Every structure is written in C-alpha cells, then in structure tokens.
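*Asks:* Sharing a structure with you now.
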Amino acid sequence: MMDPLFEPISIGSLRIENRIFMPAMHLNMCRNFMVTDRLVDFYRERAKGGAGLISVGYATVDELSGNVGNIGAHDDTFIPGLTTLAQAIRTGGARSAVQLNHAGRYNYSFLLGGKKPIAPSAIASRMTRETPREMGPEDIKAVIGRFADAAGRVKTAGFDMVEILAGTGYLISEFLSPLTNRRQDQYGGSLDGRMRFGLEVIAAVRKQIGAGFPLLVRINGNDFMPGGIGRKDLQTFAVALVEAGVNALCINVGWHEAQIPQIVSQVPRGVFAYMARAIKRLVPVPVIASHRINDPQTARRLLQEGYCDMVAMGRALIADPLLPQKVKTGQEGSIVHCVACGQGCFDNLFKMKSVECLCNPRAGHEAENQVEQITQPRRVMVVGGGPAGMSAALAAAEKGHHVSLHERGIRLGGQLHLAGAPPGRGEFLILAGDLGRQLVQKGIKVTLSSEVDGEMLAAERPDALILATGGQPVRPPIPGVELDHVVQAWDILAGDRYAGERVVVIGGGAVGVEVALFLAEQGTLSGEELKFLLVNGAETTEELYRLATAGSKKITLIEMLDKLGGNFGKSTRWGMLQDVERFGITTRLEAKVLVITPDAVRIERAGQIEEVAADTVVLAVGTTAYNPLQKAASELGIHCRVVGDAERPATAFEATHSGFKAGRSIV
C-alpha cells in the first residue's frame, strides 16, 4: 500500500508529487524587501529535501502591508529576486507559491516611517498597542488592486501558485471579524458585508492571474478571539471563497492576540486538525491542515482519517529539511523533530533577527555551513552528552574526524531531561533521543558512566578536546538551606526527590516556573481520565476543569524581581504564566528570602515580614558553570574548546549552537 504522504494530488491544474506542504513563515531574511541569497539557500535546501509544495512569504502588496524584512511583491523591481527564488525551489524539485498579505492593524508605525497602519476600523491592537487609521472607500479600492497587481508579479516571476493570507488577525480577517470591523457601509455590518472585502480581493486576483492559475487561501478555522468571528462563520467564508474560484484552502488557527497557545510544545501534535476536517466536509477542493504537525506519524494519521488532503509542516522542515526524503526512503528514525520551543523560529523575530533553530544550527545559515570533508582526520574527544556535547560531536564527525563522546551519567541528553519533565514540555525528550540516534548513525563512539579526569586525558591525549560538562544548580547562602527538606529543582524534575503537600519554590525564573508547574500537575486528572468522565457524563464541564487544574499540592513561588519567567522566550512565557494562574500557584514577587526554618520560609516583602508554611523548599535560583577539566587539559598542553553551560549558563538553543560551532571549527 502506498504511503498516503506520497500520493500525488492536484490543486487546480497543478500536480503536486506528495501531500507535504511547507507553509509560508516570516523568516526576516530579506533586506529592503529584496530576496537575499540567504533566503534562496534556505528554500533550496527544503525543496531538495522533498517537500511537495513550498509557499514563501508573506509577501507585501503595498508599502503599508509589511516591513523591509518581508518579501517584496509590491513593485516590479522585486520580480528578479522572486524569479531567482522560484527557480531555486523548482530546481530543488518542489512546486512553489507566494503568500500575499496585508498586515492591517498588525503593522507598527515605527516600521512604516511613522505612518499609521490601516484597518477597517480605528480599533487599537493589543499586540501593537497602536490605533490604526480607518480605511476609506479609496483605500479599500486601492488595496484590492494592489493584491491583484502583486499576484500578477508572482505569476510573472515563475511561481506555480498564488496564496492569499486571509486569517491570523491580518487585514482580510480584520474585515471579517465584528471585533475589528465596526463599519456601517457595504464592507461592514452583516457577515455578507464583512466578507465582501476578502471576496473582492479574490475576484481581483483571479481576474489578474487568469482562470487556470492555481489559487490557495489560508484562513482561520477559529480566531480564538472573544467577540470574534468564530468557527461557523469562518466555515461560511470558506464555502464562499471556493465559490469565488479558490482552488484550495489551508486552515490555521488563532490571531496573534489570541490567548490560546498555537505553536508551542504544550499544544498536542495535530490537535487543531478538527477544524480542517469540518471545512473539508463543506468544500470540493483540497484542504490543508496545519499547526503542530511535526512528525510523519501524525501527518499520516490525519490524511488516513480524513481530516485533510495535505499537511502543513512548517517548523518541522526548519528543524529537518530532509524530513520528506527520509520518510520516503525508510529513514524515519533519523528525523530531527521540531520541539516547538519557539526560541529560534519565533523569538528571534521579536529581536529583529532572522529565523534560526534550536534543533538545526544550520537553519538560516545553509551556505556558510556546507560540510567540507577534511583530508587529515583528527581524534576528537567530547566530554559531556548534553545538547552541546552531542551537537559538537555530530558536527565534528560530519567533517570526517574520529569522534568519541564520554558521558558521566547513564543516559544522553543532559538537561534536556529536566526541560522535558514539566507538563507540555515532553518534546525536549524527543530531541534527546533524536541527537542520540544520530550519534549512533554517524559511528561516534559513546561511553556512558564515564568520568573523565586528568589521568584519562593524559592517557588518551586527543588531538582536539571539547568540554561540554554542563552546569550545576546554585546553592544560595540562605540560613537554613542545609535542612533536609530543602531540595534542588533539578532533583525534583529528575525524579530523585519528592515534595510534600506545602511547597515553596525559591526563584521565579524559567526553572522555578517549570518546577512549580511540574508539581502543580501532580494530583490532577490525565487527558484519558478526563475524556472518560466527559464522554460518560460523569461530571459537569466546570468540575472537569477543576479536576484538570487543581492538584494535590499548595505551591508558592517566590521571586526577588517584579516579574516571573524573565528568561523565558516571548513565545513561551505568556502561556507558562497563564498556567501559573490557572493551576492556582501563589506568587510572591519582589520578595527577599530571609531564612528557611523546618516548617516555613521567612520572606521580606514591601517592608513586611511574612512566613510561608512549607513541607518542602525547592531551590531554583540559577546555574553555575561546571568545568573541572580545562585546567588539566591546559597543563597537558591539550587545546580545548568549552561549550554550553560549561562555558556559561545559557539556553538549550545556545547550547546546541555553541556545540555545533565548536565541532565545525576543528580542522
């Protein structure tokens, strides 16, 4: 039986060789709207990797629709760059599309040279905290025309398809939603009025590109906005789009302002595909499901069970551009899975940086990271089997060096096992397994329970040494810290220590929040248990919610600063803080711990002394570098590189990237 992922499909007149679609994602790799070599290299790699269809973007339709980091499609001067990009994707073996979009009120005036963004109504955005200018009739007519003109440029440049983004809180969806459209003219009011702008964009684009050129539209299955448009009206819009001449629909979820997580690791794989299935039942054209489809098993199941006709795998192909090819050739075990951390693909954008990836240090740096085999292999010893050490070993082995890796523990992965312990963070455990399998596949000699010391270094005398010995949790100088009921967060997350009913967590950074949530989950009902009770009507939905969030422990989180989770990435922090509230974790901000007693923690806050009862006190106050071998290596004259937390405490993203760079630097 043929793998459903590799059954050909047609969108309009366009035949696509498989069901894997790489959706458009803003990569911030353009300069002044111009396609760069970096962008071309990025997409060439994904096309070679075997994706059936790749959409790039989003691309701008006029000067107010995006910013200089977007792909430009609003002027003829951008056609040569678009042509180069289309040719690179075609040469790689994939079909290509460009997603056109107008940000509407989601744009920032500082990115527009001080000009106000435009929208159907002058309603401020919670994301930008700016109030846009309401579009007049001439604005509407002009923007519709610019969509059509941009679509013509996409076709001229040699792309196989045009895509229109009509969701995610951008301009077309702003017209659709009563939350952002308060107009009293023909473009507002009833659903028919609010759909008019989007349908007129489609009509103008169809007229420009001709009846036979494929047209894809990406819409929300639900906007997840209180007072917004909701699922049923979006289904009506989907039907109207197809009647207007759209050849396929890609269903995504949520606006950027929505308070429901959409792309992070706590979102179950493929969970939003039910929205695609609801629309698929209503329309006669291919429907694509998207969001958190990062492995072939999930993708295959969604196709087989009739949720969709194609699967959108975006960040999955950032993490592993060869995923389709690996699946097709029976190498699924070598896939590097996206862990949905958002650290490189999403948080970078808030830092005005280009997209990168925790799991794939090459992402966004394809040309500069081409593997160059060395002529004289060296003996490379890596000490430490966490993400930095494994990444270093793999990078050195790919160059042709003889690599051995020593890990003092009984398993590989290091702090990935701690990161993967809290609820909704299990994808980090998948990464530990992915990296470990790669070590085997590359023929790297791995020795577990191996404590490297100066004597071993003297005996081995490797040509190159990479120290990835990690970090250690900080033990703060607080009176009472030596008491038996005081434990480190790492020990709780590792399952080496257990907590009593009343828990005080000292430290409200990422680790403190994670261990608090880990403990708060204990005593709550599992998803399987909740489904059983729900289906059988055993409890009300309100009681089921309580049972899902009310655990067996009373947890207090103490932080010296005025906010929690300051070292989380922006894409992760807000969801974690939501969970802190919904799981009933008490917080004490701007609080100083004075002393730990046998049954309490005494703190000072706003000049007041308070005692918080505690059966267990958990320390989560930071990490310090652990690097016992650098001095010994120096005395032996062995040149070494220090990576990851052994160099300085940092994130998993920084660990894999520093390890990769160290491994690649060995010549």
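*Asks:* Within the range 485-500, which residues are aromatic (Phe, Trp, Tyr) and either touching a Gly at 6+ places or on another chain (Cβ under 7 Å) or exposed (fewer than 13 other Cβ atoms within 10 Å of the Cβ) (or both)?
*Replies:* The one that is aromatic (Phe, Trp, Tyr) and either touching a Gly at 6+ places or on another chain (Cβ under 7 Å) or exposed (fewer than 13 other Cβ atoms within 10 Å of the Cβ) (or both): 498.
Here's the yes/no breakdown for (1) modelled with pLDDT under 95; (2) touching a Cys at 6+ places or on another chain (Cβ under 9 Å); (3) assigned to a helix (DSSP H, G or I):
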| residue | (1), (2), (3) |
| --- | --- |
| 274 | no, no, yes |
| 311 | no, no, no |
| 321 | no, no, no |
| 338 | no, yes, no |
| 341 | yes, yes, no |
| 345 | yes, yes, no |
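*Asks:* List pairs: first in the range 170-189 and over 13 Å from residue 136 (Cα atoms), second crowded, with 24+ Cβ neighbours inside 10 Å and among the β-branched types (Val, Ile, Thr), Cβ under 6 Å, 6+ apart or cross-chain?
*Replies:* 174/180; 176/229; 177/229
*Asks:* In the set 100, 64, which member is modelled with pLDDT under 95, farther than 18 Å from residue 349 by Cα and either in a strand (DSSP E or B) or more than 23 Å from the chain's Cα centre (by Cα) (or both)?
*Replies:* 64
Conditions tested, residue by residue: (1) among the polar types (S, T, N, Q); (2) under 24 Å from residue 198 (Cα atoms); (3) assigned to a helix (DSSP H, G or I).
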site	(1), (2), (3)
24	no, yes, no
28	yes, no, no
47	no, no, yes
86	no, no, yes
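*Asks:* Condition (residue is in contact with a His (Cβ under 6 Å, 6 or more places away or on another chain) and touching a residue at least 12 places away in the same chain (Cβ under 8 Å)) applied to the range 606-616: is it met by at least one residue?
*Replies:* yes
*Asks:* Within the range 241-262, count every residue that is over 25 Å from the mean Cα position of the chain (by Cα), surrounded by fewer than 18 Cβ atoms within 10 Å (Cβ to Cβ) and on the phi < 0 side of the Ramachandran plot.
*Replies:* Of the residues in the range 241-262, 1 are over 25 Å from the mean Cα position of the chain (by Cα), surrounded by fewer than 18 Cβ atoms within 10 Å (Cβ to Cβ) and on the phi < 0 side of the Ramachandran plot.
*Asks:* Can you give me the ranges of the strands (runs of 3 or more DSSP E) entirely in the range 432-484 with at least 1 residues that are among the aromatic types (Phe, Trp, Tyr) and crowded, with 18+ Cβ neighbours inside 10 Å?
*Replies:* Per the criteria, no element qualifies.
*Asks:* So residue 148 fits all but one of (1) buried (at least 19 other Cβ atoms within 10 Å of the Cβ); (2) touching a strand residue (DSSP E or B) at 6+ places or on another chain (Cβ under 9 Å); what number is the exception?
*Replies:* Going through the list (1) buried (at least 19 other Cβ atoms within 10 Å of the Cβ); (2) touching a strand residue (DSSP E or B) at 6+ places or on another chain (Cβ under 9 Å), residue 148 breaks only (2).
*Asks:* Same structure, new question: Of everything in the range 488-531, what is of a type outside the set (Lys, Arg), part of a loop (DSSP other than H, G, I, E, B) and under 30 Å from residue 605 (Cα atoms)? Give them in sequence order.
*Replies:* 498, 499, 500, 501, 507, 508, 509, 521, 522
*Asks:* Checking the structure you have, find out if any residue of the range 68-79 is of a type outside the set (Val, Ile, Thr), in a loop (DSSP other than H, G, I, E, B) and closer than 27 Å to residue 3 by Cα.
*Replies:* No: zero hits.
*Asks:* Can you say whether residue 246 is in the same structural domain as residue 172 (by TED's automatic domain parsing) and closer than 14 Å to residue 148 by Cβ, as far as the supplied structure shows?
*Replies:* no
*Asks:* Of all residues in the range 109-144, count the ones that are surrounded by fewer than 22 Cβ atoms within 10 Å (Cβ to Cβ) and under 18 Å from residue 217 (Cβ atoms).
*Replies:* Residues flagged as surrounded by fewer than 22 Cβ atoms within 10 Å (Cβ to Cβ) and under 18 Å from residue 217 (Cβ atoms) within the range 109-144 amount to 1.
Residue-wise test of (1) modelled with pLDDT of 95 or more; (2) under 27 Å from the mean Cα position of the chain (by Cα); (3) closer than 20 Å to residue 629 by Cα.
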position: 384; (1), (2), (3): yes, yes, yes
position: 391; (1), (2), (3): yes, yes, yes
position: 395; (1), (2), (3): yes, yes, no
position: 402; (1), (2), (3): yes, no, no
position: 406; (1), (2), (3): yes, no, yes
position: 422; (1), (2), (3): no, yes, no
position: 425; (1), (2), (3): no, yes, no
position: 449; (1), (2), (3): yes, no, yes
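*Asks:* Collect the residues in the range 1-33 that are touching a helix residue (DSSP H, G or I) at 6+ places or on another chain (Cβ under 8 Å) and within 19 Å of residue 98 (Cβ to Cβ), keeping them in residue-number order.
*Replies:* Passing the criteria: 20, 22, 25, 26, 27, 28, 29, 30, 33.
*Asks:* Give the range 103-119 a look and list any residue that's in a loop (DSSP other than H, G, I, E, B) and more than 30 Å from residue 12 (Cβ to Cβ), or say none.
*Replies:* 107, 108, 112, 113, 114, 115, 116, 117
*Asks:* Going by the conditions given, is residue 159 at pLDDT 95 or above, within 22 Å of residue 221 (Cβ to Cβ) and of a type in the set (Phe, Trp, Tyr)?
*Replies:* It is false that residue 159 is at pLDDT 95 or above, within 22 Å of residue 221 (Cβ to Cβ) and of a type in the set (Phe, Trp, Tyr).
*Asks:* Here's a follow-up. Sort through 427, 455 and tell me the only one that's over 16 Å from residue 359 (Cβ atoms) and among the acidic types (Asp, Glu).
*Replies:* None of the others qualify; the one that does is 455.
*Asks:* Just wondering, is there one or more residues in the range 356-366 that are assigned to a helix (DSSP H, G or I), in contact with a Phe, Trp or Tyr (Cβ under 6 Å, 6 or more places away or on another chain) and not assigned by TED's automatic domain parsing to the domain that holds residue 249?
*Replies:* no
*Asks:* Next question. Does residue 107 meet the test of being touching a strand residue (DSSP E or B) at 6+ places or on another chain (Cβ under 7 Å) and in the same structural domain as residue 165 (by TED's automatic domain parsing)?
*Replies:* no
*Asks:* Based on this model, can you work out whether residue 381 counts as more than 21 Å from residue 576 (Cα to Cα), surrounded by 19 or more Cβ atoms within 10 Å (Cβ to Cβ) and touching a residue at least 24 places away in the same chain (Cβ under 8 Å)?
*Replies:* So residue 381 fits the description; yes.
*Asks:* Consider only pairs whose beta carbons are under 6 Å apart and that are at least six residues apart or on different chains; among these, list those whose first residue lies in the range 71-100 and is on the phi > 0 side of the Ramachandran plot and whose second residue is modelled with pLDDT of 95 or more.
*Replies:* 93/47
*Asks:* Among the residues that make up the range 384-392, is at least one of them part of a loop (DSSP other than H, G, I, E, B) and within 27 Å of residue 56 (Cα to Cα)?
*Replies:* Within the range 384-392, none of the residues are part of a loop (DSSP other than H, G, I, E, B) and within 27 Å of residue 56 (Cα to Cα).
*Asks:* Any residue at all in the range 192-204 that is in contact with an Asp or Glu (Cβ under 9 Å, 6 or more places away or on another chain), within 21 Å of residue 294 (Cβ to Cβ) and in contact (Cβ under 8 Å) with a residue 40 or more places away in the chain?
*Replies:* Scanning the range 192-204, I find no residue that is in contact with an Asp or Glu (Cβ under 9 Å, 6 or more places away or on another chain), within 21 Å of residue 294 (Cβ to Cβ) and in contact (Cβ under 8 Å) with a residue 40 or more places away in the chain, so the answer is no.
*Asks:* Do the conditions hold for residue 90, that is, is it surrounded by fewer than 18 Cβ atoms within 10 Å (Cβ to Cβ) and assigned to a helix (DSSP H, G or I)?
*Replies:* yes
*Asks:* Same structure, new question: For the range 338-348, state whether one or more residues are aliphatic (A, V, I, L, M), touching a residue at least 24 places away in the same chain (Cβ under 8 Å) and closer than 29 Å to residue 268 by Cα.
*Replies:* Yes, the range 338-348 has at least one match.
The values are calculated or read from the model by the stated rules, or taken from the named source; none is laboratory data. Just so we're clear, the structure is a prediction, and the values are computed from it rather than from any experiment. Heads up, the Cβs are rebuilt from the backbone with ideal geometry, glycines too, and the neighbour counts pull from every protein chain shown.
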